[in-house]
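Note sheet for the following structure.
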Amino acid sequence: MEIEYRLELKRRGEIEFLGGKAELVRLGHLDDIQMAMLVHAAPSSPGPKLLHSSTSNGFVAKMVRFRGKASHAGTAPAKGINALNMMALAIMNINAQREMFRDEDTIRVHQIVTRGGELVNIVPDDVRMEMFVRGKSVEAIQDANAKVNRSLEAAAVAVGGEVEIQTIPGYLPRLNETAMTSILVDNFAGLIGRENLKAEGHGTGSSDTGDLSHLMPMVEVKSGGFNGSFHTASHTVADEEQAYIVPAKAMAMTAVDLLADNAKLANEVLAGFKPKMTKTGYLAFLRSIQ
């Protein structure tokens, strides 16, 4: 899976962080960048459309390994310790926590099974999951992550096995800079019409532009021109003009607006921006997650 692949790159010393923006910051490739903007694909929006929001969730990723004891599932199941049962209990434990997730924190916990056992007639002794724990703020993510860890550990204790939990820094929650957002949105309006713009509120997905938004003025919006839900096989380009050309024009127009008149607007944005973190503090925070 993707996280396992990136962890292998980390073990080989080729990368340190899961997110691309985090790696660029670590390597110093963004040291001379003062502001950033990005246009993402919008889901199920084949025609002209722009979705814009001020914030989105961040997340931490988790690699979970339940360890039990193998035994023949037909003739000697009592001699085994079923790691698959641990995982099933863990999922139920997490579901039991959901009523304690505050609505305003927009917590999302989701997982896939990457290893469920060796053979159907052997009690599974090595079962693995990948997980994301998402939330609207760093504090909300940390709180939900502690509840998830508790749920995983309790499942292992209940069955008599062990669990290994690796928590990996993902993306920080995104905080769009309002002045830049307004300029970019206005330029989209000039290209596709203001009737095709929609403020979508807080986004519960995640983007590594969230990391940049803690360091510099940053804006991310979503453009139409696509069919299907993103990150699925159904996601395809429906309108190349809307998907490729319109976003490029809008960003170019925004760059001109920011840099015109000796960068008057850009300097105003920078003067009013207060970073949530320094580069040093940001890297230290990511390295503290485990």
Determine whether Leu212 is crowded, with 19+ Cβ neighbours inside 10 Å, of a type outside the set (Asp, Glu), closer than 30 Å to Leu259 by Cα and touching a helix residue (DSSP H, G or I) at 6+ places or on another chain (Cβ under 8 Å). yes
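When you go through Met180, Met131 one by one, which is the residue that is in a strand (DSSP E or B) and in contact with a strand residue (DSSP E or B) (Cβ under 9 Å, 6 or more places away or on another chain)?
Every option except Met131 fails the conditions.
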Within segment 266-286, how many residues turn out to be in a helix (DSSP H, G or I), in contact (Cβ under 8 Å) with a residue 24 or more places away in the chain and not aromatic (Phe, Trp, Tyr)? 8
Every residue from segment 166-208 that is among the polar types (S, T, N, Q) and farther than 19 Å from Val133 by Cβ: Asn176, Thr178, Thr181, Ser182, Asn187, Asn196
Unique residue being touching a Leu at 6+ places or on another chain (Cβ under 8 Å) and either in a loop (DSSP other than H, G, I, E, B) or not polar (S, T, N, Q) (or both) when the list is Glu195, Glu220: Glu220
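Conditions (1) at pLDDT 95 or above; (2) within 22 Å of the chain's Cα centre (by Cα); (3) under 22 Å from Leu286 (Cα atoms); (4) not assigned by TED's automatic domain parsing to the domain that holds Glu220, marked per residue:
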position	(1), (2), (3), (4)
Glu139	yes, yes, yes, yes
Asp143	yes, yes, yes, yes
Glu153	yes, no, no, yes
Glu162	yes, no, no, yes
Ile183	yes, no, no, no
Ala189	yes, no, no, no
I'd like to verify a number: residues in segment 168-210 that are aliphatic (A, V, I, L, M) and under 30 Å from Glu8 (Cβ atoms), how many? 2
Considering segment 236-248, residues that are surrounded by 15 or more Cβ atoms within 10 Å (Cβ to Cβ) and of a type outside the set (Gly, Ala, Ser), and then whichever is farthest from Leu51 (Cα to Cα), we arrive at Asp239
Among the numbered conditions (1) surrounded by fewer than 18 Cβ atoms within 10 Å (Cβ to Cβ); (2) under 30 Å from Asp239 (Cα atoms); (3) touching a helix residue (DSSP H, G or I) at 6+ places or on another chain (Cβ under 9 Å), tell me where Gly20 comes up short. (3)
Verdict on Ser206 being over 17 Å from Ile33 (Cβ atoms) and surrounded by 12 or more Cβ atoms within 10 Å (Cβ to Cβ): yes
Ser54 fails exactly one of the following numbered conditions: (1) buried (at least 18 other Cβ atoms within 10 Å of the Cβ); (2) touching a residue at least 60 places away in the same chain (Cβ under 8 Å); (3) touching a helix residue (DSSP H, G or I) at 6+ places or on another chain (Cβ under 8 Å). What is the number of that condition? (1)
Test result for Val157, outside the structural domain of Lys10 (by TED's automatic domain parsing), at pLDDT 95 or above, in contact with an Asp or Glu (Cβ under 9 Å, 6 or more places away or on another chain) and surrounded by fewer than 16 Cβ atoms within 10 Å (Cβ to Cβ): no
I'd like to check something: does segment 252-265 contain any residue that is touching a residue at least 40 places away in the same chain (Cβ under 8 Å), in contact with a strand residue (DSSP E or B) (Cβ under 7 Å, 6 or more places away or on another chain) and assigned by TED's automatic domain parsing to the domain that holds Leu24? yes
Of all residues in segment 112-135 being of a type outside the set (Gly, Ala, Ser) and under 14 Å from Gly170 (Cβ atoms), which is surrounded by the most Cβ atoms within 10 Å (Cβ to Cβ)? Val133
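The values are calculated or read from the model by the stated rules, or taken from the named source; none is laboratory data. Predicted model only: the values in this text are computed from it and were never measured. A quick note on method: Cβ atoms are made from the backbone with ideal geometry, for glycine too, and the neighbour counts reach across all protein chains shown.
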